[in-house]
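Have a look at the structure below, then the notes.
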Amino acid sequence: MNAMQVEFITSSPGLKGRPEEILPEFAFIGRSNCGKSSLINHFLDRKKMAHTGGTPGKTRLLNYFRVADRFYLVDLPGYGFAKVSKTQRAAWKELFRSYLLSQDRPLAVFHLLDVRHQPTQEDLEVSGWVRESGHPFAVAVTKIDNFGTNSRPGRFQVIILSLGVPVYTPFFPTSAAQRIGREEMLGWVQDLLEANEG
């Protein structure tokens with residue numbers, strides 16, 4: 001899947017606006033400013049498919065990209081740092097939960113965490129929702145180029161233990177800047193697609 005065809009399909013404020021064509025969905029969820037858009041662009045091998053900017057919280061919708069006519073990549077709103085009202089935060093929380101707990105479409109989740117920071121209470125809450133959903137999920141840590149090489153294993157362990165995820169959970173160290181982690185993430189996607197199609 002290295003030379004993938006990628007097409008932006010739609011942005012939707014809720015589940016009713018999802019594409020009519022049902023394909024497996026791979027959702028990317030993470031804190032605002034965790035490098036989600038950069039990692040999505042790296043994953044898709046595109047420079048500007050997902051919007052990146054200096055202001056956290058730009059993504060406020062479910063953004064659907066159809067990839068290789070085989071699956072959707074779904075960019076969910078960032079949580080945490082965005083300067084939004086309590087009402088908007090509550091709406092996003094409801095959107096996250098309703099999306100993650102929906103069982104009408106094949107779904108897997110990449111939960112993104114910035115390696116430079118230990119998981120926050122919100123990270124732990126979202127991780128719980130992801131596990132509660134019962135969908136396959138993986139943890140992807142971003143921006144590892146900004147963290148010392150010798151310190152990475154210890155930080156990875158802290159993240160895994162803090163989240164309390166099972167030991168068999170796929171774990172992907174990534175760097176969009178240094179183009180690290182894409183092949184490993186694509187391999188996991190490919191395995192799930194083959195299992196779904198088989």
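What are the extents of the Cα atoms of region 93-198 along their three principal axes, in Å, largest first?
Principal-axis extents of region 93-198 (Cα, largest first): 43, 31, 24 Å.
If you compute mean projected area of the Cα convex hull in nm² for the structure shown, which of [x] 12.8; [y] 10.6; [z] 12.1 do you land on?
Working out mean projected area of the Cα convex hull in nm² from the coordinates points to [y].
If you average the C-alpha positions of region 78-120 and of region 156-198 separately, how far apart do those two centres end up, in angstrom?
18
How far is it, in nm, from the label point at K47 to the one at E21 when both lie 7 Å from their Cα along the line to the Cβ?
Here the modelled spin labels are 2.7 nm apart.
What is the magnitude of the charge dipole of the chain about its Cα centre, with +1 placed on the Cβ of each Lys and Arg, -1 on the Cβ of each Asp and Glu, and no other charges, expressed in debye to the nearest 20?
The dipole of the chain has a size of about 900 debye.
Just need the relative contact order of region 100-152 here, percent rounded to a whole number, with Cα pairs under 8 Å and 6+ apart.
Numbers: 51 pairs, mean separation 26.1, N = 53.
Over region 100-152, the number comes to 49 percent.
Between L124 and R152, what is the label-point separation in nm under the 7 Å Cα-to-beta-carbon projection?
Calculated label separation equals 2.7 nm.
Which trypsin sites (Lys or Arg not before Pro) does region 102-198 hold that lie in a coil by DSSP with at most 15 other beta carbons within 10 Å?
Sites meeting the loop and neighbour criteria: R116, R179.
Kirkwood-based Rg over Rh for region 76-124 (C-alpha set), two decimals?
For region 76-124, the value is 0.99.
Using 0.36 nm per residue of separation minus the Cα-Cα distance, give me the extension gain between R105 and S162 in nm, one decimal. List each step's numbers first, then the result.
Numbers: separation 57, 0.36 × 57 = 20.52 nm, distance 2.95 nm.
Computed gain between R105 and S162 is 17.6 nm.
Values quoted throughout were computed directly from the atomic coordinates according to the rules given, and no laboratory measurement underlies them. None of the values given here were measured: they were computed from a predicted structure. Every residue, glycine among them, receives a Cβ derived from its backbone with ideal geometry; neighbour counts consider all protein chains shown.
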